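Read the structure below first, then the notes.
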Ligand code: NAD
C-alpha cells in the first residue's frame, strides 16, 4: 500500500494551536496538505484568547516547508464557523478535510457545575462542531469528496466522574457525527469519530479522584498516537464512515453502539405492563446476539 499523502488537499483543523490539534495539523501538513490552523488561543476554559498559539503552529509548518494559514475565530458561533471555512477558501480555494478538535473543559462534581459551564461546553464542543461542519460540508458536497473527523470522548460515551457538562457535550458530538455521516455518504464525504486519550493540558487538568482504578502500567500517551488515526481517517485510504474509534494507552479499537435482540411483543398480543417487563427483564438485558445498526431505520428494521 502506498504511503498516505495529502498532496493537493486542503485541511482545516480546529483548536490546532496546541495539544492534539497541533499534532494533527503538523502531520497533515507534513504529508502535503495546505492547512488552516484555527485556534482562539485561550486557556483551558476557552477564555483569554490571543493569536500567538495559531501563529506559532503556522510558523512551524512553514519552517518545515509546508503551507498553512492561521484563523482565530471561535468555533462556537455560526459566524466563526463560516469564517474558518472562508479562510480555507480564500487562502487555498477548497476544503477536503475537516478535523473538529477544538475543545474546552470545566470539571466539577455534578451538583457544583454552573449553568454557565454547561452552556460554555455545549457551545464549543457541540455547536462549534456543528457551525464549522455545516459550511465545510457544503463545499465538500459540491466537490463530491470529503473526510471529516469528529472528536468525542470516552467520558462522553462511557462516563467519567466530575465531567457531566463535558460528557453531555461529547455525547452530543457522537449524535451529530452519525447524521453528518449518513447525509455525507452519497456525496463521497466520509465521517468518523475518535475517542482519544493522550497527554495534553486538558488531561493534566483531571484530578486523581477521576482516575481511580486506572492501570499504572507504562503506556503511550503522546498526541502523535492519536494523530496517526486522525490522519488515516482523513485520507483517501480510509473507506469507512459513521464509525467510532478509541485510541487510548497505545490501543486502537473500534467502538460501536449495539442493540440486543430483546423481548418482543407482537402487534396482536396485549400491550406489555410493568409486570410483564419485570418478568422478561433478563431477556431484555441479555446482550447475546446483539446487532450494530447503521441508522435509526436499520435499528427499527431489526424488529420482526
Ligand atoms: P487542549 O486544551 O490542548 O486543546 C484544545 C484546543 O482548542 C486549544 O488549543 C484551545 O485554545 C482550542 N479552543 C478552545 N475553545 C475554542 C474555540 N471556541 N474555538 C477555537 N479553538 C478553541 O486539549 P486537547 O487534549 O488537545 O484536546 C483536543 C480535543 O480532544 C478536545 O476536543 C478534547 O475534548 C478532546 N479530548 C482530549 C482527550 C485527552 O486525553 N487529551 C480525551 C478526550 C477528548
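The values are calculated or read from the model by the stated rules, or taken from the named source; none is laboratory data. Keep in mind that this is a model prediction, so the values were computed, not measured. Counting neighbours? That spans all protein chains shown, and the Cβs are built from the backbone with ideal geometry, glycine included.
In table form, for the structure just shown:
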{"read-out": "Condition met for residue 269 (at pLDDT 95 or above, surrounded by fewer than 15 Cβ atoms within 10 Å (Cβ to Cβ) and assigned by the TED database to the domain that holds residue 171)", "value": "no"}
{"read-out": "Unique match (being in a loop (DSSP other than H, G, I, E, B), loosely packed, with under 15 Cβ neighbours inside 10 Å, within 16 Å of the ligand (Cβ to nearest atom) and in the same structural domain as residue 131 (by the TED database)) among 214, 206", "value": "214"}
{"read-out": "Strands (runs of 3 or more DSSP E) lying entirely in segment 1-92 (those with 3 or more residues that are within 13 Å of the ligand (Cβ to nearest atom), in the same structural domain as residue 131 (by the TED database) and touching a strand residue (DSSP E or B) at 6+ places or on another chain (Cβ under 8 Å))", "value": "34-38"}
{"read-out": "Qualifying residue in segment 172-180 (condition: within 11 Å of the ligand (Cβ to nearest atom) and in the same structural domain as residue 84 (by the TED database))", "value": "yes"}
{"read-out": "Conditions (1) over 20 Å from residue 192 (Cβ atoms); (2) buried (at least 20 other Cβ atoms within 10 Å of the Cβ); (3) touching a helix residue (DSSP H, G or I) at 6+ places or on another chain (Cβ under 6 Å): number failed by residue 100", "value": "(1)"}
{"read-out": "Residue 122 more than 10 Å from the ligand (Cβ to nearest atom), over 18 Å from residue 257 (Cβ atoms) and assigned by the TED database to the domain that holds residue 222", "value": "yes"}
